[in-house]
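K.L.:
Can you keep this structure in mind? I'll have questions shortly.
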Amino acid sequence: MEKTLPKDVEIAALLPAYTQEGDVTRILLTNGTELVYRRTMRSTLAKLARRRCKDVALLRRWASRYTHRTLNNPIAASADLVLVPVKTRRPRIEGDGTMAHINVVAISGDTFRQHDGIPRKQHPTVISLTGGKALPVLWSEKTTLAHIREARHICAELVREEEEAVLRRIRKEHP
């Protein structure tokens with residue numbers, strides 16, 4: 001069990017999970033390892049945002065400018081951590097979290113290949129992550145791809161803003 005969260009760039013995905021201790025968050029890392037964080041998905045997302053002095057609700061509202069949706073918007077904590085929500089499980093009881101959050105930076109090129117042992121009817125889409133993990137998703141490939149595309153657009157916007165800030169600093173140092 002992990003007490004501290006890994007760096008943004010190390011996170012591949014956050015998954016809600018049931019354990020004997022209750023609802024926890026499984027954290028898949030880009031190196032292929034997995035951690036169990038003894039907090040719910042909501043608490044984990046809030047902590048990730050807070051460590052950058054941000055608020056999850058405000059990040060989702062900001063992302064809605066790009067997605068034109070009110071639900072399931074990406075959470076752009078940093079250019080290294082843009083989390084796209086995808087449905088990965090069915091709730092056992094009302095109020096259970098069903099959405100995993102995938103770091104769009106950690107999605108591998110062969111995103112939707114079918115993996116052995118994952119029934120296509122139960123999980124229409126499988127997302128490949130860096131580190132070799134595969135994440136079954138309950139949404140259709142079309143819906144999943146649309147959400148990933150929007151998150152990639154947001155990530156590109158964040159990278160562009162960071163690059164502009166660096167260039168402004170360089171210009172000030174060397175007039």
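Coordinate-derived values only; no laboratory data. This one's a predicted model, so the numbers in the text were calculated from it and none came from an experiment. Positions of Cβ are backbone-derived with ideal geometry, glycine not excepted, and every protein chain shown enters the neighbour counts.
K.L.:
If you take the charge dipole of region 18-98 about its Cα centre, with +1 on Lys and Arg Cβ and -1 on Asp and Glu Cβ, which of Ala77, Pro91, Thr33 is farthest toward its positive end?
P.N.:
Ala77
K.L.:
Dipole of region 8-173, Cα-centred, from +1 at each Lys and Arg C-beta and -1 at each Asp and Glu C-beta, to the nearest 20 debye?
P.N.:
Charge dipole, region 8-173, about its Cα centre: 420 debye, nearest 20.
K.L.:
Note down the nm distance, to one decimal, between modelled labels 7 Å out along Cα→Cβ at Glu163 and at Thr4.
P.N.:
3.2
K.L.:
Relative to the longest principal Cα axis of the chain, at what angle does helix 41-50 sit, 0 to 90 degrees, rounded to 10?
P.N.:
Here the helix axis deviates by roughly 10 degrees.
K.L.:
I would also like to ask the following. Once you keep just the Cα pairs under 8 angstrom separated by 6 or more residues, what percentage relative contact order results for the chain?
P.N.:
So the answer I get is 19 percent.
K.L.:
Something else now. Each residue of region 63-79 in turn: what ³J(HN,Hα) in whole Hz from Karplus with 6.51, -1.76, 1.60 and θ = phi - 60°, glycine and Pro shown as x?
P.N.:
5, 5, 4, 8, 8, 6, 10, 9, 10, 6, 7, x, 10, 9, 6, 6, 5
K.L.:
What does the C-alpha gyration tensor say about the overall shape of region 1-61? Classify as rounded when a/c is under 1.5, otherwise prolate if a/b is larger than b/c, or oblate.
P.N.:
oblate
K.L.:
How far is helix 141-173 tilted off the main Cα axis of the chain, in degrees rounded to 10, range 0 to 90?
P.N.:
For helix 141-173, the angle is close to 20 degrees.
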